[in-house]
Amino acid sequence: MLKQEVTTKLYEQLNLECYSANLYLQMSAWCHNKSFEGISQFFKKQSQEERNHIYRIFDYLNETSTMPMLGAIEAPPFNFSSLPELINLAYEHEKNITNKIHRLVHIAMNLQDYSTFHFLQWYVAEQHKEEQIFLSILNKFKIIAIDNNGLFLIDQMINNL
Ligand code: OFO
(Lines give C-alpha, C1' and ligand atoms only; values in the text may rest on other atoms or scores of the structure.)
Protein backbone atom coordinates (compact mmCIF):
# COMPACT_ATOMS: atom_id res chain seq x y z
CA MET A 1 0.00 0.00 0.00
CA LEU A 2 1.33 3.42 -0.95
CA LYS A 3 1.68 6.29 1.48
CA GLN A 4 -0.92 9.04 1.07
CA GLU A 5 1.54 11.69 -0.12
CA VAL A 6 2.91 9.37 -2.81
CA THR A 7 -0.62 8.40 -3.90
CA THR A 8 -1.69 12.05 -4.19
CA LYS A 9 1.38 12.92 -6.26
CA LEU A 10 0.93 9.88 -8.53
CA TYR A 11 -2.70 10.92 -9.13
CA GLU A 12 -1.46 14.39 -10.08
CA GLN A 13 1.10 12.86 -12.43
CA LEU A 14 -1.57 10.60 -13.97
CA ASN A 15 -3.62 13.71 -14.70
CA LEU A 16 -0.60 15.54 -16.13
CA GLU A 17 0.16 12.65 -18.47
CA CYS A 18 -3.47 12.79 -19.69
CA TYR A 19 -3.00 16.53 -20.29
CA SER A 20 0.26 15.86 -22.19
CA ALA A 21 -1.50 13.34 -24.45
CA ASN A 22 -4.24 15.88 -25.22
CA LEU A 23 -1.79 18.75 -25.66
CA TYR A 24 0.21 16.86 -28.29
CA LEU A 25 -2.91 15.63 -30.08
CA GLN A 26 -4.13 19.23 -30.24
CA MET A 27 -0.72 20.35 -31.53
CA SER A 28 -0.95 17.60 -34.16
CA ALA A 29 -4.32 19.01 -35.23
CA TRP A 30 -2.95 22.58 -35.49
CA CYS A 31 0.05 21.42 -37.56
CA HIS A 32 -2.17 19.45 -39.92
CA ASN A 33 -4.46 22.45 -40.29
CA LYS A 34 -1.43 24.58 -41.32
CA SER A 35 -0.27 21.88 -43.80
CA PHE A 36 2.69 20.69 -41.71
CA GLU A 37 1.72 17.04 -42.15
CA GLY A 38 5.14 15.72 -41.10
CA ILE A 39 5.11 17.52 -37.76
CA SER A 40 1.45 16.61 -37.34
CA GLN A 41 2.44 12.91 -37.54
CA PHE A 42 5.29 13.49 -35.09
CA PHE A 43 2.93 15.02 -32.51
CA LYS A 44 0.39 12.26 -33.02
CA LYS A 45 3.15 9.75 -32.17
CA GLN A 46 4.13 11.86 -29.14
CA SER A 47 0.52 11.82 -27.98
CA GLN A 48 0.52 8.03 -28.28
CA GLU A 49 3.71 7.86 -26.19
CA GLU A 50 2.03 9.98 -23.53
CA ARG A 51 -0.77 7.40 -23.41
CA ASN A 52 1.91 4.85 -22.60
CA HIS A 53 3.05 7.11 -19.73
CA ILE A 54 -0.54 7.13 -18.45
CA TYR A 55 -0.83 3.33 -18.53
CA ARG A 56 2.46 2.83 -16.67
CA ILE A 57 1.24 4.88 -13.70
CA PHE A 58 -2.24 3.35 -13.99
CA ASP A 59 -0.74 -0.18 -13.79
CA TYR A 60 1.63 0.72 -10.96
CA LEU A 61 -1.26 2.07 -8.88
CA ASN A 62 -3.27 -1.10 -9.53
CA GLU A 63 -0.30 -3.29 -8.64
CA THR A 64 0.06 -1.51 -5.29
CA SER A 65 -3.66 -1.95 -4.45
CA THR A 66 -4.30 1.75 -4.97
CA MET A 67 -7.27 2.42 -7.25
CA PRO A 68 -6.28 4.88 -10.00
CA MET A 69 -8.40 8.03 -9.94
CA LEU A 70 -8.86 10.21 -13.01
CA GLY A 71 -9.74 13.84 -12.38
CA ALA A 72 -10.82 16.64 -14.70
CA ILE A 73 -8.26 17.42 -17.39
CA GLU A 74 -7.58 21.05 -18.28
CA ALA A 75 -8.20 21.86 -21.97
CA PRO A 76 -4.95 22.41 -23.90
CA PRO A 77 -4.37 25.55 -25.99
CA PHE A 78 -5.52 25.10 -29.60
CA ASN A 79 -4.12 28.17 -31.33
CA PHE A 80 -0.46 29.06 -31.79
CA SER A 81 1.09 32.11 -33.43
CA SER A 82 3.78 30.10 -35.27
CA LEU A 83 5.48 26.71 -35.50
CA PRO A 84 8.53 27.79 -33.44
CA GLU A 85 6.17 29.05 -30.72
CA LEU A 86 4.40 25.69 -30.68
CA ILE A 87 7.67 23.72 -30.43
CA ASN A 88 8.95 26.03 -27.73
CA LEU A 89 5.74 25.50 -25.77
CA ALA A 90 6.17 21.72 -26.06
CA TYR A 91 9.78 22.04 -24.83
CA GLU A 92 8.74 24.18 -21.85
CA HIS A 93 5.98 21.66 -21.09
CA GLU A 94 8.51 18.80 -21.01
CA LYS A 95 10.79 20.78 -18.69
CA ASN A 96 7.83 21.29 -16.37
CA ILE A 97 7.04 17.55 -16.44
CA THR A 98 10.68 16.78 -15.63
CA ASN A 99 10.45 19.02 -12.55
CA LYS A 100 7.28 17.22 -11.43
CA ILE A 101 8.94 13.81 -11.86
CA HIS A 102 12.03 14.92 -9.95
CA ARG A 103 9.83 16.22 -7.15
CA LEU A 104 8.06 12.86 -7.02
CA VAL A 105 11.39 11.01 -6.89
CA HIS A 106 12.46 13.26 -4.03
CA ILE A 107 9.27 12.52 -2.08
CA ALA A 108 9.59 8.75 -2.63
CA MET A 109 13.21 8.88 -1.49
CA ASN A 110 12.40 10.91 1.63
CA LEU A 111 9.59 8.51 2.58
CA GLN A 112 11.90 5.53 1.95
CA ASP A 113 9.43 4.22 -0.61
CA TYR A 114 12.08 2.45 -2.68
CA SER A 115 9.60 0.59 -4.85
CA THR A 116 8.11 3.87 -6.14
CA PHE A 117 11.60 5.36 -6.32
CA HIS A 118 12.62 2.49 -8.60
CA PHE A 119 9.39 2.72 -10.64
CA LEU A 120 10.05 6.41 -11.31
CA GLN A 121 13.52 5.85 -12.74
CA TRP A 122 11.97 4.97 -16.12
CA TYR A 123 10.31 8.42 -16.14
CA VAL A 124 13.58 10.15 -15.24
CA ALA A 125 15.26 8.56 -18.29
CA GLU A 126 12.24 9.23 -20.50
CA GLN A 127 12.16 12.92 -19.57
CA HIS A 128 15.84 13.24 -20.38
CA LYS A 129 15.11 11.79 -23.84
CA GLU A 130 12.03 13.95 -24.48
CA GLU A 131 13.66 17.21 -23.44
CA GLN A 132 16.58 16.39 -25.71
CA ILE A 133 14.25 15.74 -28.70
CA PHE A 134 12.42 19.06 -28.35
CA LEU A 135 15.63 21.01 -27.72
CA SER A 136 17.14 19.44 -30.84
CA ILE A 137 14.11 20.54 -32.92
CA LEU A 138 14.35 24.08 -31.51
CA ASN A 139 18.03 24.18 -32.45
CA LYS A 140 17.18 23.08 -36.00
CA PHE A 141 14.96 26.14 -36.31
CA LYS A 142 18.00 28.29 -35.52
CA ILE A 143 20.15 26.52 -38.14
CA ILE A 144 17.58 26.56 -40.95
CA ALA A 145 16.33 30.03 -41.79
CA ILE A 146 12.66 30.37 -40.99
CA ASP A 147 11.35 31.08 -44.45
CA ASN A 148 8.93 28.85 -46.36
CA ASN A 149 11.72 26.61 -47.72
CA GLY A 150 13.15 26.18 -44.22
CA LEU A 151 9.77 25.27 -42.76
CA PHE A 152 9.23 22.72 -45.53
CA LEU A 153 12.57 21.07 -44.73
CA ILE A 154 11.83 21.02 -41.02
CA ASP A 155 8.44 19.42 -41.66
CA GLN A 156 10.14 16.63 -43.62
CA MET A 157 12.89 16.17 -41.05
CA ILE A 158 10.64 15.96 -37.99
CA ASN A 159 8.42 13.40 -39.66
CA ASN A 160 11.46 11.11 -39.74
CA LEU A 161 12.33 11.45 -36.05
FE1 OFO B 1 6.22 14.00 -22.37
O2 OFO B 1 6.49 12.88 -20.89
FE3 OFO B 1 4.90 12.28 -20.17
O4 OFO B 1 4.19 13.89 -19.79
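Points to keep in mind about this one:
- Calculated accessible area for the chain comes out at 55 Å² per residue, all protein chains present (probe 1.4 Å; ligands, DNA, RNA ignored).
- Compactness relative to 2.2 N^0.38 Å, alpha carbon Rg of the stretch 4-159: 1.14
- Carbon/sulfur fraction of accessible area - the stretch 4-159, other protein chains in place, 1.4 Å, %: 55 percent
- Folded to 0 to 90 degrees: helix 148-159 orientation relative to the chain principal axis, Cα: 40 degrees
- Test item: Cα-centred dipole of the chain, Lys/Arg +1 and Asp/Glu -1 on Cβ, debye: 100 debye
- The long axis of helix 114-143 is offset from the longest Cα principal axis of the chain by roughly 10 degrees.
- GNM result for the chain, Cα springs below 10 Å: residue of S20, S136, S47 fluctuating most strongly: S136
- The count of lysine pairs in the stretch 1-118 that are at least 8 places apart or cross chains, and whose C-alpha atoms lie under 28 Å apart, stands at 13.
- Counting only alpha carbon atoms, the long axis of helix 4-33 and the longest principal axis of the chain meet at about 20°.
- When F78, F58 are compared by accessible surface with a 1.4 Å probe, the order from highest to lowest is F78, F58.
- Local electrostatic count at F134 - Lys and Arg +1, Asp and Glu -1, tallied over other residues with Cβ under 14 Å: -3
- Across the chain, Cα pairs under 8 Å and at least six residues apart give a relative contact order of 29 percent.
The values are calculated or read from the model by the stated rules, or taken from the named source; none is laboratory data. Computed from a predicted model, the values in this text were never measured in an experiment. Glycine gets a Cβ as well: all are built from the backbone with ideal geometry, and neighbour counts include every protein chain shown. What goes into the accessible areas is simple: the full protein's heavy atoms, side chains included, and nothing from ligands, DNA or RNA. Shrake-Rupley method; radii C 1.70, N 1.55, O 1.52, S 1.80 Å.
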